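Have a look at the structure below before the remarks.
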Amino acid sequence: MSDLHRTTVLSREFLPGSEVEKILEAGRAEGFATVAYAVDDVFTESPWDDGLDFYTQLAGLRPVECTRAELLEREIFKVIWVGTDDGLSKAAAAMPATAMQVVRTNKRFLEFMPADVSKGTALEVLAARLGIAGSDAVVFGDGENDIPMFEWAGVSVAMPHGWPLALRKATCVAPDGPDETALARGVEMILS
């Protein structure tokens, strides 16, 4: 985590290289495209497919194509498997216990990160730097990766289209309506 201009790094956690290699290999064996996040860019070793097109459209950035050897030369802080909802659900259910954080963040994504890294821990570090108490914070989210942030903040608002577990863990849920305006409705609800 860093400031907006990436001049001050507040925290860095990376996956062990051996774990990155295992995640990539297991993802390939399951038929998933993989996307790996490094400090300098986002990378893929996978052949280009509709999953990577979906990722690119949703994330707004195209992963740099490289070999596995080139990818493993980098420090990686997150790997995403991109696949079908059904395939990822089966893979997640069959996943052995691991020291990593493994979370569904989209029907087509399964993410792997260091166990002690989450939106909650990132906000805790940033809030401490800014002198803000978690109990004074309001956060918004829709996915299982938002739950640690929900647990950290004083008030948490889930989007009505969010994952069932996120809806249960949030302090409140934004009013129903179109997905693209859910955040605005949630902010309006908090301010009213």
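The values are calculated or read from the model by the stated rules, or taken from the named source; none is laboratory data. Just so it is clear, the model here is predicted, and its values are computed rather than measured. For neighbour counting, all protein chains shown are included, and Cβ atoms are generated from backbone atoms with ideal geometry for every residue, glycine included.
Quickly run through region 9-63 and pick out the residues that are β-branched (Val, Ile, Thr) and more than 20 Å from LEU88 (Cβ to Cβ).
VAL9, VAL39, listed by residue number.
Please give the helices (runs of 4 or more DSSP H) falling wholly within region 98-184 in which 2 or more residues are of a type in the set (Gly, Ala, Ser) and outside the structural domain of PHE54 (by TED's automatic domain parsing).
119-130
Give all pairs with beta carbons closer than 9 Å in which a residue from region 150-170 that is closer than 14 Å to ASN106 by Cβ meets a residue that is part of a helix (DSSP H, G or I) and among the polar types (S, T, N, Q); count only pairs at least 6 apart in sequence or on separate chains.
From region 150-170, the pairs are ALA166/ASN145.
What number of residues within region 74-89 are within 23 Å of THR7 (Cα to Cα) and either of a type in the set (Val, Ile, Thr) or surrounded by fewer than 13 Cβ atoms within 10 Å (Cβ to Cβ) (or both)?
Selection size over region 74-89: 1.
ASP85 fails exactly one of the following numbered conditions: (1) touching a residue at least 24 places away in the same chain (Cβ under 8 Å); (2) of a type in the set (D, E, K, R); (3) outside the structural domain of TRP163 (by TED's automatic domain parsing). What is the number of that condition?
Just one mismatch for ASP85, condition (1).
Just to check your reading of the model, which residue among PRO164, PRO175, PRO160, PRO148 is farther than 19 Å from GLU124 by Cα and either modelled with pLDDT under 95 or of a type in the set (Val, Ile, Thr) (or both)?
Within the list PRO164, PRO175, PRO160, PRO148, the selection yields PRO164.
For every residue, the table says whether it meets (1) in contact with a helix residue (DSSP H, G or I) (Cβ under 8 Å, 6 or more places away or on another chain); (2) within 27 Å of LEU52 (Cα to Cα).
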residue: ILE76; (1), (2): yes, yes
residue: ALA94; (1), (2): no, yes
residue: LEU123; (1), (2): yes, no
residue: GLY134; (1), (2): yes, no
residue: PHE140; (1), (2): yes, yes
residue: GLY143; (1), (2): yes, yes
residue: TRP163; (1), (2): yes, yes
residue: MET189; (1), (2): no, no
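Return the residues of region 40-67 that are surrounded by 15 or more Cβ atoms within 10 Å (Cβ to Cβ), under 16 Å from the mean Cα position of the chain (by Cα) and outside any helix (DSSP H, G or I); say none if nothing qualifies.
Matches in region 40-67: VAL42, PHE43, PRO63.
Evaluate region 41-50: report whether one residue or more is more than 12 Å from ILE80 (Cα to Cα), at pLDDT below 95, of a type in the set (Phe, Trp, Tyr) and out of contact with any Cys (no Cβ under 7 Å at 6 or more places or on another chain).
no
If you take the residues in region 5-20 that are surrounded by 16 or more Cβ atoms within 10 Å (Cβ to Cβ) and of a type outside the set (Val, Ile, Thr), which one is farthest from ILE76 (Cα to Cα)?
At the first step, the residues of region 5-20 found to be surrounded by 16 or more Cβ atoms within 10 Å (Cβ to Cβ) are 14-15, 19-20.
So of that shortlist, the ones also of a type outside the set (Val, Ile, Thr) come out as 14-15, 19.
Working: PHE14: 6, LEU15: 6, GLU19: 10 Å.
Taking the candidates together, the pick is GLU19.
Going through region 68-88 one residue at a time, which ones are in a strand (DSSP E or B) and within 13 Å of ARG28 (Cα to Cα)?
VAL79, ILE80, TRP81, VAL82
Tell me which residues, restricted to region 175-192, are closer than 12 Å to VAL155 by Cα and small (Gly, Ala, Ser).
Within region 175-192, just GLY186 meets the criteria.
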